[in-house]
Amino acid sequence: MESSGTNTLPCARCQAPAKLQCPTCVRLGLPKDSCVFCSQACFKLAWPEHKKMHFPPADAWLYCIKRGKARSDVLPDFDWTGPLRPHRISPQREVPDHIPKPDYFKDGFPYKENESRQQQIGAGGGGMRESQEVVRMRMTSQADQHLKPSKLILTNDCDPNTLLSPDPGPAVPIRGPDDTDAIRAACLIGREVLDLAVAAAKPGVTTDEIDRIVHEAMIERGAYPSPLNYFNFPKSVCTSINEVICHGIPDARELQSGDILNIDVTAYHKGFHGDLNETVCVGEVDEEGKMLIKVTHDALMKAIAACRPGVRYRDVGDIITKHATANGFQVVKSYCGHGIGDLFHCAPNIPHYAHNKAVGIMKEGHVFTIEPMINVGSWRDRTWPDGWTAVTEDGKRSAQFEHTLVITREGCEVLTRRLDSSPPLWWEVQGE
């Protein structure tokens, strides 16, 4: 037993002034009022019942660890890069039986992505990371890796994202009208749900509450929230605050005035995914934060404006980087845009930084996302102990915007475009 450091609380068993505290409860961070005792003898008498507190019930809120496959009562130890800390997360939300589900909803592994030829010339993507530390990676345990399943060879002797295809055959699908219409429908659901989530993003609201809103809105529309259990991701939406670059896990932390918040939504509807995200101001945000958000949005829109048949995918990064660096910001290199459709992530691979070596040119019928992540400081990232949350290495803020688009004969169509009813972005409010 440890000294409780106070005699103002009553013993949890006999109500006498407490002097000692259960050491296991201290380690687990449990409330002190149920963990203090007047003496060792009283603690021993209370032990048969008290020890039950050390084993959380099924509905307990716990810290996420091991890429979503496990939970902990204890905040993991980590050299945090900024002021943000993970909070406890709620139990995973259920999806009704009548909602059509992707193949990974049970065990977290996307089997169709692993088997598909659409993976052969693309990897990375908003949902995954590209390795910069290996010359060649063979995916032997996909569910424990940051990369999406692929037969991709990764090299780092000239560029962290040099891409070589072991099979030169076609991999990026040409979507016909039926597929495009189905993806468009999923994108519209995603847009409607994102708008609901953005409208709820106010000081005092937890990101877990935003996850609840997204989850329930998806179910109401007959859709499955694509992030849920994808490689064991524990929630239905990604919520990335301040120094979080992407893949933030919704938790019990309340949003604070001055936060910038990215909400990343993907809907799976009738066999197809639609993916988009936005970064918004929570309450009153300083000028630097607002500038970062605007520059990131504009970089995305400049890239989209250049998309048409014949454009090289590698050129997207040049456009984004030119705008970001002109405003004093840096572009994240570890994550990239991706093909999407019947698979959540697939070819093509679309890095957002300049002078990348992505392969391929845009063709009519290609469907993919562009989703630049832009930082105030260094572009480099680190990953929290949960295995998902990517943060800036210097603790400075990051922003992101994402659209899904299809290449058309004359240019492109933004399938996740904003609606007249979409909540205005900060500069649209200011410009009224």
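Rounded to the nearest 0.05, the FRET efficiency derived from the C-beta distance between residue 16 and residue 59 at R0 = 41 Å is 0.80.
What the Kirkwood sum gives for the stretch 283-353 is a hydrodynamic radius of 13.3 Å, with every pair of different alpha carbons counted.
One quarter of the surface of the convex hull around the alpha-carbon atoms of the stretch 171-312 equals 9.8 nm², the direction-averaged projected area. Centre-to-centre, using Cα atoms only, the stretch 254-310 and the stretch 392-429 are separated by 5 Å. The relative contact order of the stretch 273-337 comes to 28 percent, based on Cα pairs under 8 Å that sit 6 or more residues apart. Compared with the alpha-carbon gap, the fully stretched path from residue 103 to residue 378 is longer by 95.3 nm at 0.36 nm per residue. Site pair residue 286 and residue 200 shows an inter-label distance of 3.0 nm when each label is modelled 7 Å from Cα along Cα→Cβ.
Relative contact order, whole percent, for the chain stands at 17, derived from Cα pairs under 8 Å and 6 or more residues apart. Ligands, DNA and RNA excluded, the heavy atoms of residue 334 present near 0 Å² of accessible surface to a 1.4 Å solvent probe.
The stretch 60-108 and the stretch 178-233 have Cα centres spaced 17 Å apart. Compared with the direct C-alpha span, the chain from residue 327 to residue 294 gains 10.8 nm at full extension, assuming 0.36 nm per residue. Going 7 Å from the Cα of residue 427 toward and past its Cβ, which residues in the stretch 254-285 have a backbone nitrogen under 18 Å from where you end up? Only 260-262, 277-282, 285 pass the distance filter. With a Cα-only, solvent-free Debye model of the chain, what are the log10 I(q)/I(0) values at q = 0.09 Å⁻¹? Per q value, in the given order, log10 I(q)/I(0) is -0.57.
Solvent-accessible surface (1.4 Å probe) assigned to residue 221 amounts to roughly 80 Å².
The values are calculated or read from the model by the stated rules, or taken from the named source; none is laboratory data. From a predicted model like this one, the values you see are computed outputs, not experimental measurements. No Cβ is skipped: glycine too gets one built from the backbone with ideal geometry, and neighbour counts run over all protein chains shown. Accessible surface is based on the protein model in full, side chains and every heavy atom, while ligands, DNA and RNA are left aside. Shrake-Rupley method; radii C 1.70, N 1.55, O 1.52, S 1.80 Å.
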